[in-house]
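Accompanying notes for the structure given below.
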Amino acid sequence: MIKRFLYSQKVAPYVFVLPFILVFLIFWVYPLGSSFTMSFQKLSLGQEAEWVGLDNYTKLLGDTIFLKAVMNSAVYMLCTLLILIPLPMLLAVLINNKFMWGREFFKSSLFFPALTSVVVAGTIFRLMFGEMDGSLINSFLGLFGIEPVKFLKGQVTGFIALLALATWRWLGVNILYFLSGLKSIPEDYYEAASIDGASAWQKFRMITMPLLKPTTIYVLTISIYAGLAMFIESLMIWNGNNSPKNIGLTIVGYLYRQGIEKSNLGYAAAVGIVLLVLAMTINMIQLAFSGLFKKED
């Protein structure tokens, strides 16, 4: 009876979508609006908010530690893009080959790291890249006569440890994304290319890569955000948010330092807004260059 009334009044679609609108307003719009307001205030726990205008943002521009965190996050993001897009794509093509033995085993085993707690994984990688002679990586280097390396005390070597963790953790997930994209490519295209005498590389370049474009754009979009928003991995690799000379400090790590450790909530909110704008700007630029906003003829 009620359902018939709703449809007769043509309000049913609005009723069904109302819960989603409420969730969007409560869990996205309201927190974002509150953070935006806080970013213009001097606010600490137990103290009354004081309106300071653009002071938090102007302070950020001259904050060398914040700029260091931005640089770290940007470098980490770029490195993960260079590793975790072409490598999973190539591995997905290999696994998708019908002559590949044990394809289902590789799919499940490569996805397993994503199910592992990042806290546990970060702790293991911290021990692996430890500076002691008996740590796993230094023990391996010792086989070639290389002196022990203090990985977590150098900018470049520290990022090697971070990227190793990121690759181990997310390689399998991205492979599954590309495998799902490969399933949508008709086999007839490859058969026709084989008849024309195309090589494996020509098939990959002329068929696979263009038809995987939607999947690539999706993986690129989420990878940009994940790279800029990385925090827990760095926290666990350096066993805290205070890496030597801030070599592992990220934007989110700096937000945590200001908001949680120092209770400087207004300044932390400004850091969060800058991160949001930065991530959205980079993603919008790459989506524009990928042609996603172009109208189809």
Legend entry - Residue list for region 88-113, filter: open to solvent by 70 Å² or more (accessible area, probe 1.4 Å), within 23 Å of the chain's Cα centre (by Cα) and either within 13 Å of Ser223 (Cα to Cα) or among the aliphatic types (A, V, I, L, M) (or both): Leu90
Legend entry - Test set (1) open to solvent by 80 Å² or more (accessible area, probe 1.4 Å); (2) within 26 Å of the chain's Cα centre (by Cα); (3) free of Cβ contacts under 8 Å to residues at least 60 places away in the same chain - Glu191 fails condition number: (2)
Legend entry - Unmet criterion (only one of (1) modelled with pLDDT of 85 or more; (2) more than 30 Å from Lys262 (Cβ to Cβ)) for Ser8: (1)
Inset, instruction - Check whether at least one residue in region 48-55 is surrounded by 14 or more Cβ atoms within 10 Å (Cβ to Cβ), without any contact (Cβ under 8 Å) to a residue 24 or more places away in the chain and of a type in the set (D, E, K, R), and report yes or no. - result: yes
Legend entry - Counted residues, region 19-52 - those being of a type in the set (A, V, I, L, M), closer than 20 Å to Lys262 by Cβ and in a helix (DSSP H, G or I): 1
Inset, instruction - Filter region 56-72 down to residues that are among the hydrophobic types (A, V, I, L, M, F, W, C), within 18 Å of Leu265 (Cβ to Cβ) and open to solvent by 50 Å² or more (accessible area, probe 1.4 Å), then give me how many there are. - result: 1
Legend entry - Criterion: more than 17 Å from the chain's Cα centre (by Cα) and either at negative phi or without any contact (Cβ under 8 Å) to a residue 40 or more places away in the chain (or both) - qualifying residue of Gly134, Gly122: Gly134
Inset, instruction - Need at least 1 residues that are modelled with pLDDT under 90 and among the charged types (D, E, K, R) per element, so show me which helices (runs of 4 or more DSSP H) inside region 67-175 make the cut, counting only ones lying wholly within it. - result: 103-115
Inset, instruction - Report yes if Ser139 is more than 17 Å from the chain's Cα centre (by Cα) and on the phi < 0 side of the Ramachandran plot, otherwise no. - result: yes
Inset, instruction - Might you let me know whether region 252-262 holds any residue that is outside any helix (DSSP H, G or I), within 23 Å of Ala49 (Cβ to Cβ) and over 20 Å from the mean Cα position of the chain (by Cα)? - result: yes
Legend entry - Scan of region 20-53 for residues that are modelled with pLDDT of 85 or more, in contact with a strand residue (DSSP E or B) (Cβ under 8 Å, 6 or more places away or on another chain) and not polar (S, T, N, Q), ordered by number: Phe40, Lys42, Glu50, Trp51, Val52
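Here is a yes/no grid of residues against (1) in contact (Cβ under 8 Å) with a residue 12 or more places away in the chain; (2) surrounded by fewer than 18 Cβ atoms within 10 Å (Cβ to Cβ); (3) on the phi < 0 side of the Ramachandran plot:
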{"residue": "Val156", "(1), (2), (3)": "no, yes, yes"}
{"residue": "Ala166", "(1), (2), (3)": "yes, no, yes"}
{"residue": "Phe204", "(1), (2), (3)": "yes, yes, yes"}
{"residue": "Pro214", "(1), (2), (3)": "yes, yes, yes"}
{"residue": "Ile222", "(1), (2), (3)": "no, yes, yes"}
{"residue": "Leu228", "(1), (2), (3)": "yes, no, yes"}
{"residue": "Asn246", "(1), (2), (3)": "yes, no, no"}
{"residue": "Ala268", "(1), (2), (3)": "yes, no, yes"}
Inset, instruction - Test Gly253 against the stated conditions and say whether it is in contact (Cβ under 8 Å) with a residue 40 or more places away in the chain and either under 22 Å from Val119 (Cα atoms) or in contact with a His (Cβ under 7 Å, 6 or more places away or on another chain) (or both). - result: yes
Inset, instruction - Answer yes if at least one residue in region 231-248 is among the acidic types (Asp, Glu) and in contact with a Gly (Cβ under 6 Å, 6 or more places away or on another chain), and no otherwise. - result: yes
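The values are calculated or read from the model by the stated rules, or taken from the named source; none is laboratory data. It should be emphasised that the depicted structure is a prediction, and the values quoted were computed from it without experimental measurement. FYI the Cβ positions are ideal-geometry reconstructions off the backbone, even for glycines, and counts take in every protein chain you see. Remember, those area values only see protein heavy atoms, side chains included, never the ligands or the DNA or RNA. Shrake-Rupley method; radii C 1.70, N 1.55, O 1.52, S 1.80 Å.
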